[in-house]
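Taking it in order: structure first as structure tokens, then the write-up.
The values are calculated or read from the model by the stated rules, or taken from the named source; none is laboratory data. Just so you know, these numbers come straight off a predicted model, no measurement behind them. Using ideal geometry, Cβ is built from the backbone for each residue, glycine included, and neighbour counts are taken over all protein chains shown. For accessibility, only protein heavy atoms count, side chains too; no ligands or nucleic acids. Shrake-Rupley method; radii C 1.70, N 1.55, O 1.52, S 1.80 Å.
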Amino acid sequence: MDSDQEDEVPNVNFVPSLLFIKRGVAKANPDKVTLTPAELARIINETRDDLEEDGANGIDSSEDEENEDSAARLASRAQDQAGTSGNRSAGDEFGFENYEQESGEPVVRLASVAVVDPAENIQDEDDSEAEDEIIKPTDNLILVGHVQNDSASMEVYVFNDDEGSLYVHHDFLLPSPPLCIEWLSFDPGSDKPGNICAIGCMDPVITLWDLDIQDSLEPVCKLGSKGSTKKNKPKVGHSDAVLDLSWNKHLDHILASGSVDQSVILWDMEDGTPHTIIKEFGEKVQTLAFHPTRAEGLLVGSCDGMVKVFDCRTTTNDSASFLSWAVGGEVERVCWNHHSEFHFVASTNEGRIHYCDVRRPGETLWSKEVHEKEITGLVLSSKVRGMLATASADGTLKLWDIDEEDAKLVYKKNPKMGVIQCLDECPENPFMLAMGGDLKTKNFSVVNVLDNDVVTNVFKARFDPSYVPVASGERMNIEPPTEAMEEASISDDDDSDEDDN
């Protein structure tokens, strides 16, 4: 299933990032935005000020031209739209609130542009178009970062597995190419669960967007600041491009980010400031992932060939608690095994995957060359035990049957998308895989691997749609337990989760 392409082929047209969103979290009728003249003027002025500040800080002139083009597109969309119309009560169980805070003003900027006009909701004379606008409970959203010529955007696709439908519902213009996307239900501007996505770009500032608002010109929140000598604002957060993001589902106000600046930041989204800045890396940080059941566990891969698992309970700005593995090459992607809590997979630019056990630091259970070039997509299924999907710059998608001993090839496909840049699975149906590539005429596709008989024979019987990972009582032993760590334990929560399950 492929997305529709324009008749005229652009010079640059690729998808650097994408993400499947689970069903049932989006509004049926996303709100639409109207702009007052004052809001329009504010957006244009702020964009102009940012461009002037970038120029004053010595940004390359070629980037200035691209930024000016982005500003013009932003102003044009703003004019078109104008013309047409809490705090958590529970304590932080891992003691993050006791961490030393970064100096500088909070950088959360709730967008005032999102003025919802009830009259803008669906009242289309054409029933088919009106039906397309409605997001059904059985629909998935697919967030697709798209770069076309000098324009960058995030397109919100609606995908329905049963109906076989796939189309763009709405999109957001972005200041630079989107390198990573993460979904979260934590809404910095509300005490209720939201439908939010965080985007990391070539720009060091992370932006958070409300997916239930169409035609928005501003994010609801920004994490970080490039600083401003004109406005006497300090720099906050990363100093270079953000390469990966991971949301902590257990401590929902925490977002982790990895950057070219060789650091990982744990953000507190309640006040928009960094809680912890981790600098235990010799090269840029390309990939990271919080543990699916242990809120304290953070898996990180960097271009110095190291994979590290951090204990965020005992990691501060000055010292870090971690286990490490040297896998060689540049670490491209990492992911946890939802069916075996102590195991993870890491891929490298040498086309190899490495399977490791956190109880055996420094050792790999096995390592295997599975692609000819760097592995840019790595998905170990959360619902099908042992099903590993890999995608590579060599243009191929492969499925592997893995265990603690080896990885066996089950399926290979060349989707003819050029270099495959990204890969993700549908949360409810892990046999539906979305891919982004750099072929100008075909850069986004969703495939059903069950169309292959061998995949069906090997994996279909293992599919457990109700499977939820549960943490055991066994420790990772990243650091010997201390009194403070004992008090911060999530064992009580784990016990209650096990009882519920």
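If you go through segment 314-350 and keep only what is surrounded by 22 or more Cβ atoms within 10 Å (Cβ to Cβ) and more than 20 Å from residue 368 (Cβ to Cβ), you end up with just 315.
Candidates in segment 231-282 are the residues that are among the aliphatic types (A, V, I, L, M) and more than 30 Å from residue 470 (Cα to Cα); of these, the one that is most open to solvent (accessible area, probe 1.4 Å) is 260. When residues in segment 180-195 are screened for being open to solvent by 10 Å² or more (accessible area, probe 1.4 Å), among the hydrophobic types (A, V, I, L, M, F, W, C) and assigned to a strand (DSSP E or B), 2 of them pass. Within the set 257, 239, 176, 263, the sole residue that is under 15 Å from the mean Cα position of the chain (by Cα), hydroxyl-bearing (Ser, Thr, Tyr) and modelled with pLDDT of 90 or more turns out to be 257. Out of all the residues in segment 461-499, which are modelled with pLDDT of 50 or more, farther than 15 Å from residue 295 by Cβ and surrounded by 12 or more Cβ atoms within 10 Å (Cβ to Cβ)? Once the filter is applied, which keeps residues that are modelled with pLDDT of 50 or more, farther than 15 Å from residue 295 by Cβ and surrounded by 12 or more Cβ atoms within 10 Å (Cβ to Cβ), segment 461-499 yields 462, 463, 464, 467, 468, 477, 479. Counting the residues of segment 441-459 that are in contact with a Phe, Trp or Tyr (Cβ under 8 Å, 6 or more places away or on another chain) and open to solvent by 50 Å² or more (accessible area, probe 1.4 Å) gives 2.
Among the residues of segment 295-310, is any surrounded by fewer than 19 Cβ atoms within 10 Å (Cβ to Cβ), modelled with pLDDT of 95 or more and among the charged types (D, E, K, R)? Yes: segment 295-310 contains one or more residues that are surrounded by fewer than 19 Cβ atoms within 10 Å (Cβ to Cβ), modelled with pLDDT of 95 or more and among the charged types (D, E, K, R). The set of residues from segment 205-221 being of a type outside the set (A, V, I, L, M, F, W, C) and over 15 Å from the mean Cα position of the chain (by Cα) comprises 212, 214, 215, 216, 218, 219.
Going residue by residue through segment 196-218, is there one that turns out to be open to solvent by 20 Å² or more (accessible area, probe 1.4 Å), out of contact with any helix residue (DSSP H, G or I) (no Cβ under 7 Å at 6 or more places or on another chain) and aromatic (Phe, Trp, Tyr)? No.
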